[in-house]
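See below for the structure under consideration.
Every read-out reported here was derived from the displayed coordinates using simple, explicitly stated rules and does not represent laboratory data. Given the structure is predicted, the values throughout are model-derived calculations rather than measurements. Note that we place each Cβ from the backbone using ideal geometry, even for glycine, and neighbour counts take in every protein chain shown.
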Amino acid sequence: MRILRLLGEWVLTSLRGGGRMMIFLGTALFWIFLPPLKWRRMIARIHFIGAKSLVVILLTGAFTGMVLGLQVFYTLTKFGSEAFLGPAVALSLIRELGPVLCALMVTGRAGSALTAEIGIMRITEQIDALTAMALNPMRYLIVPTILAGLIAFPLLTAIFDLVGIYGGYLVGVKLLGIGEGTYFGEMETYVDLWDITQGILKSLSFGLLVTWVCCYKGFYAGYGAEGVSRATTEAVVLSSVLILVWDYFVGSVLL
Amino acid sequence: MSGPMVEIRNVHKSFGGQQVLRGVDLQVTQGEILVIIGRSGGGKSVLLKHLMGLLKPDQGEIMISGQEISRLRGRELDQLRERFGVVFQGGALFDSLTVFENVAFPLREKTRLPEEAIREKALTLLKQVGLADMGHKYPAEVSGGMRKRVALARALTMEPEVVLFDEPTTGLDPIMVNAIHRLILDLHRRVGFTAILVSHEIPEIFGIADRVAMLHRGAVVEAGTPEAIQASTNPVVRQFITGDPEGPIQPD
Ligand SMILES: Nc1ncnc2c1ncn2[C@@H]1O[C@H](COP(=O)(O)OP(=O)(O)OP(=O)(O)O)[C@@H](O)[C@H]1O
Ligand SMILES: [Mg+2]
């Protein structure tokens, strides 16, 4: 009986939490379409999410591409088709690894900081102060962040993909001796526009997902330093899990 | 104007089983300075948040110049909030903005004044609280007392009709306490706002209050002029203003 009750309570709290998250998203989307937009805050947010994540993205992108070059080359030699290294690396990056890894890295780098920042604003009553001035915290805090996510994620993903393809080139062409023309030429043949569109759609949806989860967790952070640290952890974990789950669903629908 | 500026009627509020307010009744007339005293954790800040519509009562109502605020929505609620200025207990300064920007923030966001006028106004306010040369610093870089004064200046930028002060002097040195009290009195005389001030500064507040109300166990046990409160025969009030550890209020 006790187990049943605990289970029931758990299901109810999760449902309520999920419902609140949906309402939060709905409200935020509503305010996105209600001008005026706070441009300056949005640009500051793009800097915060995007520009400051650049180094991480460059590093992880390069090494992901290099690892791919190595591993895919090894696999392809088994079928005697090393010539397809270029498209294999490019397709894995553009369709899958670019958007996903980039989103995971940005979650760790910027998402956690976002949650902490908004959480601190909550516990130090800065959000209440905005409300008390009759300024809507959604407009001032959440909308610029979500829009910044929608802009920054695709750009970062594109950079990740490019650097990754170059990393694969370094390993495949310079190290393992595939012809330069083969690497890029086959890529042009096999990568079509739909693959790129799919990558962009994914990264857009991850941008929304990550900023939504991270803003929500910060906005409803509990009390004290402990509340903020718990919110931050939850935001990173939930974002990461949702990225992978969502990636599977989008992938299976778009394929 | 007819009737009280703020009227709190039988307000109840609990947080997850903990009853904080259990039937608060209080009236504030226009232009007066009402000081709320009461034990730490007694629900004074919670009461102030109800006046801003930041919290909603479980039961009872709050009328502000005749309007019941928990029924207001959107634009109407905003208009009401614009008539208020608040000094939050912790200051609630925006820590991504400098001291100067904090004070100028309401002007920048809520008015179409030219930059010149905004600068001038914000500087005047900072001067009044004695922080004219601190404008470029961030809230984290100034002392706790300075933060309180910045919060005070920010609350007054929009020339509100009602100002809520949540412990504007707690943690300041005695000279600063009196300076802030004098500043509040001074501004009150000049601007004529209605002030609701939560404070632990006994006996200093008796010098600035028009009326004092004591909140205890979630209700107002006594409200009256400073003289009446000081002469009160209610044992709870007596014990509180003398700070006697023995009596009906038990330290927990
Ligand atoms: N948002 C909230 N959620 C849950 N409990 C709360 C909340 N806000 C206040 N409380 C509880 O309500 C009680 C009263 O808090 P409040 O901050 O109003 O006290 P106070 O009278 O202002 O005390 P102090 O003089 O120390 O500032 C406290 O026990 C606090 O734990
Ligand atoms: Mg308080």
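Quick notes on this one:
- Relative counts (whole %) of C-alpha pair distances in chain A, using bins that are 10 Å wide: 7, 27, 29, 19, 12, 5, 1
- Our estimate of slack between B:R182 and B:Q128, defined as 0.36 nm per intervening residue step minus the Cα-Cα distance, is 18.3 nm.
- For B:T194, distant residues with modelled amide H under 5 Å away: B:G31, B:V162, B:V163
- Only Lys, Arg (+1) and Asp, Glu (-1) charged, at Cβ; chain A dipole about Cα centre in debye: 920 debye
- Fewest-first ordering of A:V241, A:V89 by other beta carbons within 10 Å of each residue's beta carbon gives A:V241, A:V89.
- Across the range A:38-250, the relative contact order, built from alpha-carbon pairs under 8 Å that are at least six residues apart, equals 37 percent.
- Couplings for the range B:88-102, taken from phi via the Karplus curve 6.51 cos²θ - 1.76 cosθ + 1.60 with θ = phi - 60°, read 6, 4, x, x, 6, 6, 6, 7, 8, 10, 6, 3, 4, 5, 4 Hz in order; Gly and Pro are left as x.
- Interatomic Cα distance distribution for the range B:3-156, bins of 10 angstrom, percent: 10, 33, 31, 22, 4, 0
- Here the scattering of the range A:5-114 is modelled by Debye summation over its C-alpha atoms, one equal scatterer each and no solvent; at q = 0.09, 0.10, 0.12, 0.21 Å⁻¹ the log10 of I(q)/I(0) is -0.48, -0.57, -0.72, -1.11.
- About the Cα centre, charge dipole magnitude for the protein assembly as shown (Lys/Arg +1, Asp/Glu -1 at Cβ), debye: 380 debye
- Theoretical FRET efficiency, 1/(1+(r/R0)^6), r = Cβ-Cβ of B:E61 and A:S229, R0 51 Å, to 0.05: 0.85
- The lysine pair count for the range B:25-132, using Cα distances under 26 Å and pairs eight or more places apart or on different chains, is 5.
- Size of charge dipole - the range A:49-201 - debye, nearest 20, with Cβ of Lys, Arg +1 and Asp, Glu -1, no other charges: 340 debye
- Per-residue ³J(HN,Hα) for the range B:204-215, Karplus 6.51 cos²θ - 1.76 cosθ + 1.60, θ = phi - 60°, Hz, x for Gly and Pro: 3, 5, 5, x, 10, 7, 7, 9, 10, 10, 9, 9
- Whole-percent pair-distance distribution, where bins are 20 Å wide, for the alpha carbons of the protein assembly as shown: 19, 42, 25, 11, 2, 0
- Comparing A:G181, A:G164, A:G50 in a Gaussian network model of chain A, where Cα atoms under 10 Å apart are tied by springs, the biggest mean-square fluctuation is seen for A:G181.
- Highest-fluctuation residue, A:G207, A:G26, A:G172 considered, GNM on chain A with Cα pairs under 10 Å: A:G26
- Look at the stretch A:119-131: the mean tally of other chain Cβ atoms within 10 Å of its residues' Cβ atoms is 5.
- Neighbour counts of other Cβ atoms within 10 Å put B:K127, B:K148, B:K137 in the fewest-to-most order B:K127, B:K137, B:K148.
- Of all DSSP-defined beta bridges confined to the protein assembly as shown, some 55% are antiparallel rather than parallel.
- Amide H to amide H, with H built 1.01 Å from N, B:A219 comes under 5 Å of B:R22, counting only residues 5 or more places away or on other chains.
- Our note on the geometry: Cα centres of the range B:1-20 and the range B:117-155, 32 Å apart.
- Farthest toward positive dipole pole in the protein assembly as shown [+1 Lys/Arg, -1 Asp/Glu at C-beta], among B:S65, A:L97, A:F48: B:S65
- Note on chain A: helix-only mean residue ellipticity at 222 nm, from DSSP H runs of 4+ residues weighted -39500 (n - 2.57) and normalised by residue number, equals -26500 deg cm²/dmol.
- Global form of the range B:94-159, assessed from the alpha-carbon gyration tensor, a/c cut-off 1.5: prolate
- Chain A: most fluctuating residue of A:A51, A:A113, A:A134 per GNM, C-alpha cutoff 10 Å: A:A134
- Shielding of B:101-113 by partner chains, average beta-carbon count, 10 Å: 1
- DSSP-loop chymotrypsin sites (Phe, Trp or Tyr not before Pro) across the range A:1-36, with at most 12 other Cβ within 10 angstrom: A:F33
- Averaging the Cα positions of each part gives two centres, and for the range B:36-94 and the range A:196-218 these lie 36 Å apart.
- Contour minus Cα-Cα distance for B:A140 and B:I249 (0.36 nm per residue): 35.5 nm
- Couplings 3J(HN,Hα) of the range B:166-176, computed from phi: 9, 6, x, 10, 4, x, 9, 6, x, 5, 5 Hz, in residue order, whole Hz [Karplus 6.51 cos²θ - 1.76 cosθ + 1.60, θ = phi - 60°; x for Gly and Pro].
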